[in-house]
C-alpha cells in the first residue's frame, strides 16, 4: 500500500464502494499528511518508511490503510467536525494518535462522517454528508462515529479511528457489526481531537478483527507531552491474571426482544468457554444519562465558545460590529443539536442553577465510580448491552417501521449502557455478537481502568464462537483487485 | 424553561434565535431539563463531586518561551487578513 499506483487504485476502490454508504467526507492521500512534514527533524515527524538520517527504516508494524473520524486532526486534510462552522478548515497539524500510527506504517486514506462535533447517535446531525448502515440503507449507522463504523463494516478499511464521549464508538460499532474500543481515559492522547466534552472523550479504534484493534491501540497509546491528561497504561494492564469472572446485569433492562435474547446467548457462550458468570447490580444506572448529559453539555458550552468567526471557521458575509460577527457566525453555522446542547450547558452552569444540575451530576459521577470499584472487587469484567435496540430507521427512510424509530430524546435516554464507562473513565469494547432481522447485534465488555488487554482476550474468545460478519454488499480490497477493480 | 429564560440563556451563549427558532428549541430544552431533575432523587449527602475520574494532578509545560512553527498555517485559515493581522469589523 505504498506505491502510488496501488494507492490510487485503493482510493478508487473506496470511492466506488462508498457511493451509497457515504462513510467518508474526504477520500485522499495527501503527501503532506504523513506526520508533521518533518518540521523539526524529529524521526517521529517524518513520513512512515522514510529515514531522516539515511539509516534503514524500521519495518512497518501497522502497514494498513486508516480512516480517521473528521473531528481528529490530520495535517493537510479538512477538519470539518461535520459542521458548517468548520467546513473549509484545513488542519495545520496532526493528532498525536494519528502521528504514532503513521510512524508505524499506517496510511491515512480519508476522513469519515460524524454527527456535528460528535453530538448525536445516528450520524444524521450533520449538513455535510449522509451515511447509512451498510447492512440496510434504511437504517442508521449509529453515531457519532457512524462513518468510521460503516467504513469498516463495508470493508473499505480494516481499521478506523473514532472518538467516544458517551458511546460514540461503541454504539455505531454495534449497529454496523464491528469491533469498537473506547480506551481508558488518558491512555490515548487527545491532542488533535477537537474538544466537545473534555473530561469524558477519548480517541479509540474501530476494526474488523480484534487483533488489529489491539495492535492499533497499543501503537497509539501512551503519555504525550501535548496532553496533560495523558498517561502510560501499566504494562500488565493493572492485573496479570486472566479474566475468570464476568458480571452480567439482571432484571428488566428495557431491551428489545432481539437484544435481550442476544445478551443471554452471549452470556451462555462465555459460560461454555469456562468463564464464571456472576449477576451484578448497577443501582446508579438510572442516573447515568442525566448526569452524563448535564456534564457533557456544560463542557460543550465552554468548549464551543471558541467558535466566533474571528480567527478561523465560518464568517458571515457582513457584520456591523464584532459582537454581531460572533452572534451571526454561531447562529448561522451551528446546527440544531449543537445549539440545543450549548443552551442546556449554558443553563446548567448559570449562577443559581449550578448546584441543582452540574454539581449534582458530578456527585453522581462519584457514586458511579464507587459502585463500579465495588463491583470490580467481585468480577473481572462486566458484559453489558451497548444499546437497548439494534440500529433504528433513518429519519428520512419512508419504508421503515414506525415502531422501531427513536426520536432525539429517546436516542439520548438510550445511551444508558455506554455513558457509564465515560463517566468513570473506564475501558469498554464492543464485540459483534450476531445478526437479527438482517441487522448486526453487539455487546460490550467493560473493565477496570487499564484493563484493555483483558478485554481483548475475552473478545478473542468470543470471536471463536461469534465471528464477525460482513454485509453481502461489501467486498474486500483483495477481492476487488481479483475481480478486476470494478471494471 | 419558559421563553424568557431561554432567550436569556441564548443571549449568554451568543446565539441569536428568532421566534420560530426559540419555539422549536423550547420544547426540546424543557424536555431534557425535566429529565435532569430526576437526579434530585439520589442521596448525595457528603459526596464529593468528581470533575475528572482519573486525573489526580496537573501537569504543565516548562515556563519558557518557544516559537510556534504553525503560525503561518494557522493564519491561512483566517477569513480576512491585513498583512499578518486578522481583520474584524470596526468596534466603533
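Each reported figure results from applying straightforward, stated rules to the coordinates on display, with no laboratory input. Remember, it's a predicted structure, so these values are computed and weren't measured experimentally. Every residue, glycine among them, receives a Cβ derived from its backbone with ideal geometry; neighbour counts consider all protein chains shown.
The calculated P(r) of the protein assembly as shown, using every Cα pair and 20 Å bins from 0, goes 21, 57, 21, 1 in percent. Taking a label point 7 Å from the Cα of residue B:18 along the Cα→Cβ vector, which residues of segment A:327-344 have an amide N closer than 15 Å to it? Residues passing the 15 Å test: A:328, A:331-333.
Judged by the mean number of other Cβ atoms found within 10 Å, the most tightly packed of the peptides A:348-357, A:90-99, B:24-33 leads the ranking A:90-99, B:24-33, A:348-357.
Within 10 Å of each Cβ in peptide A:459-469, how many partner chain Cβ atoms are there on average? Round it to a whole number, please. Write down the numbers at each step before the final one.
Details: counts 0, 0, 0, 0, 0, 0, 0, 0, 0, 0, 0.
For this peptide, the per-residue mean of nearby foreign Cβ atoms is 0.
Relative contact order for chain B: 16 percent, from Cα pairs under 8 Å spaced at least 6 residues apart, divided by residue count. From its DSSP helices (H runs of at least four residues, each -39,500 (n - 2.57)), chain A gives a residue-normalised ellipticity at 222 nm of -9500 deg cm²/dmol.
Relative contact order of chain A: 18 percent, from C-alpha pairs under 8 Å at least 6 residues apart in sequence. Work out the P(r) tail for segment A:172-238: percent of alpha carbon pairs separated by more than 21 Å, whole number. Everything past 21 Å amounts to 26 percent. Relative protection proxy for A:235-246, A:328-339, A:161-172, A:419-430, from highest mean packing down: A:161-172, A:419-430, A:328-339, A:235-246 (other beta-carbon atoms within 10 angstrom). Taking every residue in A:325-337 and counting other chain Cβ atoms within 10 Å of its Cβ, the average works out to 3. Protection proxy ranking for A:14-26, A:176-188, A:456-468, A:196-208, using the average of other Cβ atoms within 10 Å per residue and placing the highest first: A:176-188, A:196-208, A:14-26, A:456-468. Take the Cβ atoms of residue A:232 and residue B:34, set R0 to 25 Å, and the FRET efficiency comes out at 0.05. Pairwise inverse Cα distances across chain B, averaged and inverted, put the Kirkwood hydrodynamic radius at 19.4 Å. With the convex hull constructed from alpha-carbon coordinates only, segment A:356-425 shows a mean projected area of 6.5 nm² over all directions.
Just so you know, the Cα atoms of segment A:62-208 work out to an Rg and Dmax of 13.4, 39 Å. Shielding value for A:407-415 is 2, the average number of Cβ atoms from other chains within 10 Å of each residue's Cβ.
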